[in-house]
């Protein structure tokens, strides 16, 4: 009889070449870090598949990952955030390393987190799984282990209501992470990708933004006429330097291309540059940066292993009701994207809490280029009568075949 992992491999073949596959010493390190052995099927799965995400939605933590989903650092961040969330709402379990605590092993692009319940602590192959909804109060329990949970979720026998609507796709696919400057094979698409060395550069940003806006025009979206004229680089630089933010070329290129969109209701679909995210005006982004900085000045914010959010050298560029997309200003991760989620307690006596969530994109050029491809595949259509976007999930397979 096939094991759960064998069934998972048959359902979702591993990549031909795994990205950042962990070795024994990586697992030894992370188990020493947490002071507990991890489930054997999870270690086998990540060793076989490496760094990446299932359908570009479900990202698994990996002790060998270079950034974003590196297991020790990312789990520490999520645990710190969970402890802060516990100050404003009740959790179903303690937080690890407390007895029976929650220990993260994966997260979705929505920010939903998948945890083990570390009980019994000396038998990790018996740990149940708990999935927490980041944008609501939902919690779902699965008996585990990880490989069985994935087989049942991808096979749609264990649906989770708050997961993204297009997950899992028919014919689940594990998409390995690319190095931050490696281009995507466009195959049948006519978009001309920049040289790999310039994938995150200003010209790549502008090309991909122009391509995306052209797709908005093609489907009749009102966004192109709502975009405000770009600002001079001198003006953008002045605002960033006043905040102590390094004027990174990504941000300079973005705001010289367009200064956000004309004033619309905050959640108006007509202002979305990509689904559910709108490009903020520079003045709005400056105010938001100051607001988040004040949270950390008064409460200490979230304890983060890299402390980027508690620092000042990052800049927000897009947002939804609850999520902010930001660009790192300097250092080894300069120009990379980050996503943070706003937890609102709903009470005036409880402060806002900001925590980092995972994003599948490393650079703005990659993110914008990907959404241009999604538009080309027919995944998004503008409903002029309803003034909203429709997602055409039947086009997902065409998009995935052409892009990957």
From (1) within 23 Å of residue 363 (Cα to Cα); (2) surrounded by 20 or more Cβ atoms within 10 Å (Cβ to Cβ), pick out the condition that doesn't hold for residue 39.
(1)
Mind listing just one residue for me: the one in region 350-388 that is surrounded by 18 or more Cβ atoms within 10 Å (Cβ to Cβ) and assigned to a strand (DSSP E or B) and, of those, modelled with the lowest pLDDT?
353
Among residues belonging to region 275-286 that are assigned to a strand (DSSP E or B) and in contact with a helix residue (DSSP H, G or I) (Cβ under 9 Å, 6 or more places away or on another chain), point out the one that is modelled with the highest pLDDT.
279
Residue hits (region 132-144; within 14 Å of residue 82 (Cβ to Cβ) and part of a strand (DSSP E or B)) are 132, 139
Being within 20 Å of the chain's Cα centre (by Cα) and closer than 20 Å to residue 152 by Cα narrows it down to one residue among 112, 41, 76; which is it?
112
Take residue 37 and tell me if it is in a loop (DSSP other than H, G, I, E, B) and without any contact (Cβ under 8 Å) to a residue 40 or more places away in the chain.
no
What number goes with the only condition from (1) over 21 Å from the mean Cα position of the chain (by Cα); (2) under 28 Å from residue 339 (Cα atoms); (3) in a loop (DSSP other than H, G, I, E, B) that residue 147 does not pass?
(3)
Step by step: first the residues of region 232-245, then only those that are closer than 17 Å to residue 364 by Cβ and buried (at least 19 other Cβ atoms within 10 Å of the Cβ), then the one that is modelled with the highest pLDDT. Which residue is that?
236
Sort out which residues of region 78-102 are surrounded by fewer than 22 Cβ atoms within 10 Å (Cβ to Cβ) and closer than 28 Å to residue 23 by Cβ, and write them in order of number.
79, 80, 97, 101
Checked region 105-131 for anything surrounded by fewer than 21 Cβ atoms within 10 Å (Cβ to Cβ), out of contact with any strand residue (DSSP E or B) (no Cβ under 7 Å at 6 or more places or on another chain) and not in a loop (DSSP other than H, G, I, E, B); matches are 125, 126
Restricted to region 42-68, and to residues that are touching a helix residue (DSSP H, G or I) at 6+ places or on another chain (Cβ under 7 Å) and assigned to a helix (DSSP H, G or I), which residue is surrounded by the fewest Cβ atoms within 10 Å (Cβ to Cβ)?
44
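The values are calculated or read from the model by the stated rules, or taken from the named source; none is laboratory data. This structure is a prediction, so every number in the text was calculated from the model and none was measured. Neighbour counts are summed over all protein chains in view; Cβ atoms, including those assigned to glycine, are modelled from backbone coordinates with ideal geometry.
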